[in-house]
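To start, the structure itself, in structure tokens.
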Amino acid sequence: MLQREIEDFIEKVRSRREFLKMSGKGIAGITVTTSVLNLMGCSNTETANQDAPKAAAFVIPTGLIVSEPNKCTGCQRCEMVCTVANDGKIHPLISRVKIARNFNYGKEMTDNYREENGYYGNFVMTPETCHQCEDAKCAAACPQKAINQNETTKAWTVDKDKCVGCGACTAACPWNMPTVDPETSKSTKCILCGACADNCITGALKFIPWEKFEAMLRRNGYRLS
Amino acid sequence: MANITGWQGSLLRVNLTTGNIKTEDTMKYKDLIGGAGIGYKIIFDEVPQGTKAFDEANKVVIAVGPLTGTAAPCSGRTNITSLGPTNPYHAITDSHMGGNFGAWLKFAGYDGIIIEGASKTPVWLKIEDDKVSIEDASSLWGKGTIDTEHAINEIMGKEACVASIGPAGEKQKNLASIVNSVNHSAGGHGGILGAKKLKAIGILGKRSVHLADENAQEWLKLNEYMMKDIIGANNQHVVPSTPQPWAEYHNPGSRWTAQLGLFWGAANPPVETGECAAGDKNKVGLRTQKAVFDLGPIAEERTVKMGGCYSCPIRCQSNMYMPELEKYGLTPYATSTCINYSSPASAMLKGFADGDTKGMDAMIVKCLGSRLADDYGIWSNYGQLGRDFKFAYTSGKLKEVLPKEEYNSINFDLMEKGDPAWMVEYYGNLIKDGEFSHLLDGPYWLDQRWNFGKEYWDGYGYNVWSKMAYPKHHSNEAGAQVGALINVMFNRDANSHTHMNFIGAGLPIELLKEIAGEVWGSPDALDAPKNYTPMNEYKAKFAKWSIDRNFLHDSITLCNWVWPMTVSPSKSRNYRGDTALESKFFSLATGIETSEKDLDLMSERIATLHRAATIKNMNTIDMRNEHDTIPNWVFDVDPDMKPFTEGTVKLDRDDMQLALTMLYKEYGWDEKTGAPTRAALERLGLKDVADELEKLNLLP
């Protein structure tokens, strides 16, 4: 069972990575089970609760981004470091990784808020990251064609000179991840700089380069390619 | 000078009598940094001598500093300054809360809010960037803090941060808190908002906090250095609590509890704290498993995660899954830390039904009690509330002073049996209008009303410190005269952890003494625990430095439960910390190049202003005899032992008078009275303060 979970995961990663190489486009997250997390050295336990928000892995050109909600303590330092690194200032609104907006009540506030996600409820909060989608709706929606894939990083990247701050990218993104900075009227969007994961205080957000991922697999008797 | 950043530049002034709302320039207070510094100046300048805490003329200054919202580690604190209702003279005090509030205040464009006047009807303050309005709160009056905050989130949106008062504040109890985001509470000023009929403040804003333009990369480097080389665990404990392969030292008292096999057991899936070696910045947030520290080993399986304040990598609060709370009509979640867990337990005078101080009943009591205290907005007065109840009950005083009908209506039997349901009875009666609720008056006023007498004031274990009647807080047991001197300098419990964090860091005493020698001039600044020596000038320097850093942190604002970085977990640094880190962050945040020495001077200015404000409030310069008094139990404990012998924390009366003189000397204050002289005030740029004190005949 555990072995099959791991093999399934590796197969998904493999196919998405191949797809990525061919198309040069990213793809949405893969749910990560406990056994897979163990494999990647993210967690050490077997007692996953089926109702819990799932950890997710995103295949990006340079590796995997793994997000584990159970480890997120809501310190919001990922957002701060993101905006310091990219904007030279601090505000959760313009951060490319989002946690503050889910801090109090999770993704939506309900009458049952004391039982649901967020600090007013069960304390669970999920950091949201840009999916670098295969079919990037933000790029497609941009009237200025200001969002293009960077050749080196393969991240969908905003050309600040072209951006007019219209907000079409925010509206088009299913998760509203790009945000227009009200002070500059430019869209802020993840460029895969990795500062958020690099500074996560518990490893709730983790970036695993391909090389490291392959080494982990080899140590456990698996292969990616 | 280049463009100054860090501060947002505006203070919001809200007059609840007239409804006037205006903004003022923060920068006129720049030399006082922010937070407490701004608060002291406004209260000193604007609140007339003789004003009482709940008077309309009193003001409340909720302010933060240039590091708030800059992402400096542990910069999530908000400082609140006003007259202190628990103090016999209603002298100036601060209260402090963590959470998101301070950063949200900056994001709305403000460094502080000055609240003045009083509304006739319940109101709340709505702040959305430059749209600020006073709103009707009649439907919120009577609600707990959680319901209030949620109701305001329904109006402002789920991302707004809301601070509110509960029933204790509404009823103008002295021991009332201001609470934001469920459990981040500031103690002692809730009743003042109640008197002003201000139920809550909701904040949401879009304005970024800027770093000096060219400093983003420098800031990231400094952050990296602090996170890798300098920061430790909760209270800047720098060694693990158990032997670890990577660690040279360990100390069972350390809050660095992470280890293999220790989990956040109620996380889904559970998270192992594991080995969190010094230097691994991606595990700093796992170092402190605070639930097992506060609640015992039983708490491991109930730990959802660790929580804490905005921007803080040291997660010192435990978020708990406690289905047992459903029996009391609550949801199965609780979160708190330290004294707010232990205070409810201290009202269980006969222990717990299961007979275990670290068992399930104790954990239920701590989680249930902290939930009720936060929702009702009750402040524990650093745990004094429980001790006051203990004295009143065990001395028979409570039975004597409560009307018979009221006494009989309270189910003390629950407490006698150790039943956690006593929490519902206890906190419920504290916010009723009966005589029992006067336990929320605090020691001085309670003694005036119920006549507790000498047994209470001099009783070791009741912890009442000085004529100011606040509880001791890391006093003579923490660094001998150093802790005692720190405890005399405030108007509420000395919420100063500078010295305690250093003493409790977990390093061997020889190493600590070496570091003490480097920071304060001689290893003699620090005595080994319970092995004290007579006063010396280095202890005075250590005490002054600790007090000044506390005022700095409450002004800049940083958390004094972690800062300053006197030591580090880094073996390659030989465990040396970096006491210049505050000034490095300050320089990068503001663009004003500021050395450690410069910042120390600014801190001394704030400490001295606090002293001047206290003198104005008390209308006497005789601080030595009227304010800086030390309780008898400090000198009379262990009657069979002499001071300065191994095994006792006992101090000597004459030696402590010398200690006061030496501390006054360090500050350049009048050595007879302990009041700042004109020269001392002018040296710190406080000529206007000296002029005002002279007018009031309050200069030595």
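The values are calculated or read from the model by the stated rules, or taken from the named source; none is laboratory data. Please read all numbers here as calculations on a predicted model, not as lab measurements. Neighbour counts are summed over all protein chains in view; Cβ atoms, including those assigned to glycine, are modelled from backbone coordinates with ideal geometry.
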Original post:
Which condition number does A:GLY74 fail, the rest of (1) part of a loop (DSSP other than H, G, I, E, B); (2) at pLDDT below 80; (3) among the small types (Gly, Ala, Ser) being met?
Top reply: (2)
**OP:** Please give the number of the condition B:ALA528 fails out of (1) out of contact with any strand residue (DSSP E or B) (no Cβ under 8 Å at 6 or more places or on another chain); (2) of a type in the set (A, V, I, L, M, F, W, C); (3) closer than 28 Å to B:ALA589 by Cα.
**Re:** (3)
**OP:** Considering every residue within segment B:115-129, establish whether at least one is at pLDDT 95 or above, within 14 Å of another protein chain (Cβ to nearest Cβ) and part of a loop (DSSP other than H, G, I, E, B).
**Re:** yes
Subject >> Count - residues of segment A:55-93 that are of a type in the set (Gly, Ala, Ser) and touching a Cys at 6+ places or on another chain (Cβ under 9 Å) >> reply: 2
Original post:
Across segment B:264-284, what is the number of residues that are facing another protein chain (nearest Cβ under 7 Å), part of a strand (DSSP E or B) and either among the hydrophobic types (A, V, I, L, M, F, W, C) or in contact with a helix residue (DSSP H, G or I) (Cβ under 8 Å, 6 or more places away or on another chain) (or both)?
Top reply: 1
**OP:** Please work out if B:HIS189 is within 11 Å of another protein chain (Cβ to nearest Cβ), at pLDDT 95 or above and within 20 Å of the chain's Cα centre (by Cα).
**Re:** no
Subject >> Identity of the residue in segment A:102-118, under 20 Å from the mean Cα position of the chain (by Cα) and surrounded by fewer than 19 Cβ atoms within 10 Å (Cβ to Cβ), that ends up nearest to the other protein chains (Cβ to nearest Cβ) >> reply: A:GLU108
Original post:
Hey, does segment B:9-24 have a residue that's crowded, with 24+ Cβ neighbours inside 10 Å and part of a loop (DSSP other than H, G, I, E, B)?
Top reply: no
**OP:** Look through segment A:199-223, keep the residues that are in a loop (DSSP other than H, G, I, E, B) and surrounded by 15 or more Cβ atoms within 10 Å (Cβ to Cβ), and return whichever of them is farthest from the other protein chains (Cβ to nearest Cβ).
**Re:** A:TYR222
Subject >> Top-ranked residue in segment A:172-190 [being in contact with a helix residue (DSSP H, G or I) (Cβ under 7 Å, 6 or more places away or on another chain) and hydrophobic (A, V, I, L, M, F, W, C); ranked as nearest to A:ASN70 (Cα to Cα)] >> reply: A:CYS173
Original post:
Of the residues in segment B:290-315, how many are within 12 Å of chain A (Cβ to nearest Cβ) and assigned to a loop (DSSP other than H, G, I, E, B)?
Top reply: 8
Original post:
Is there any pair with a first residue in segment B:684-700 that is over 15 Å from B:GLY668 (Cα atoms) and a second that is of a type in the set (Val, Ile, Thr) whose Cβ atoms are under 7 Å apart and which are 6 or more apart or on different chains, and what are they?
Top reply: B:LEU693/B:ILE615; B:LEU698/B:ILE615; B:LEU698/B:ILE621
Original post:
Looking at this structure, is B:GLN217 in a helix (DSSP H, G or I) and either touching a residue at least 40 places away in the same chain (Cβ under 8 Å) or within 12 Å of chain A (Cβ to nearest Cβ) (or both)?
Top reply: yes
Original post:
Can you tell me which residues in segment B:192-213 are within 14 Å of chain A (Cβ to nearest Cβ), farther than 16 Å from B:VAL61 by Cβ and among the hydrophobic types (A, V, I, L, M, F, W, C)?
Top reply: B:LEU204, B:VAL209, B:LEU211, B:ALA212
**OP:** Sort through B:ALA118, B:ALA186 and tell me the only one that's surrounded by fewer than 24 Cβ atoms within 10 Å (Cβ to Cβ) and under 23 Å from B:TYR40 (Cα atoms).
**Re:** B:ALA118
Original post:
When the residues of segment A:90-101 are filtered to those that are under 15 Å from the mean Cα position of the chain (by Cα) and β-branched (Val, Ile, Thr), which remaining residue is nearest to the other protein chains (Cβ to nearest Cβ)?
Top reply: A:ILE99
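This table checks each residue for (1) outside the structural domain of B:GLY65 (by TED's automatic domain parsing); (2) out of contact with any Lys or Arg (no Cβ under 9 Å at 6 or more places or on another chain); (3) of a type in the set (Phe, Trp, Tyr); (4) crowded, with 22+ Cβ neighbours inside 10 Å.
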| site | (1), (2), (3), (4) |
| --- | --- |
| B:ASP129 | no, no, no, no |
| B:LYS143 | no, no, no, no |
| B:THR148 | no, no, no, yes |
| B:LEU175 | no, yes, no, yes |
| B:GLY194 | no, no, no, yes |
Subject >> Residue list for segment A:171-198, restricted to those being part of a loop (DSSP other than H, G, I, E, B) and either within 14 Å of chain B (Cβ to nearest Cβ) or over 13 Å from the mean Cα position of the chain (by Cα) (or both) >> reply: A:CYS173, A:PRO174, A:ASN176, A:PRO182, A:GLU183, A:THR184, A:SER185, A:CYS193, A:GLY194
Subject >> Boolean, B:PHE412 is crowded, with 21+ Cβ neighbours inside 10 Å, more than 27 Å from B:ARG302 (Cβ to Cβ) and of a type in the set (A, V, I, L, M, F, W, C) >> reply: no
Subject >> Residues within segment B:529-548 that are of a type in the set (A, V, I, L, M) and touching a Phe, Trp or Tyr at 6+ places or on another chain (Cβ under 8 Å), tallied >> reply: 0
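Here's the yes/no breakdown for (1) out of contact with any strand residue (DSSP E or B) (no Cβ under 9 Å at 6 or more places or on another chain); (2) assigned to a helix (DSSP H, G or I); (3) under 27 Å from B:GLY591 (Cα atoms):
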site: A:CYS78; (1), (2), (3): no, yes, yes
site: A:ARG96; (1), (2), (3): no, no, yes
site: A:GLY106; (1), (2), (3): yes, no, no
site: A:GLY118; (1), (2), (3): yes, no, no
site: A:HIS131; (1), (2), (3): no, no, no
site: A:ALA139; (1), (2), (3): no, yes, no
site: A:LYS145; (1), (2), (3): yes, no, no
site: A:ASN148; (1), (2), (3): no, no, no
site: A:LYS154; (1), (2), (3): no, no, no
**OP:** Please tell me if B:LEU558 is modelled with pLDDT of 95 or more, over 24 Å from B:ARG653 (Cα atoms) and assigned to a helix (DSSP H, G or I).
**Re:** no
**OP:** Answer with yes or no whether B:SER318 is of a type in the set (S, T, N, Q), more than 8 Å from chain A (Cβ to nearest Cβ), within 21 Å of the chain's Cα centre (by Cα) and not in a helix (DSSP H, G or I).
**Re:** yes
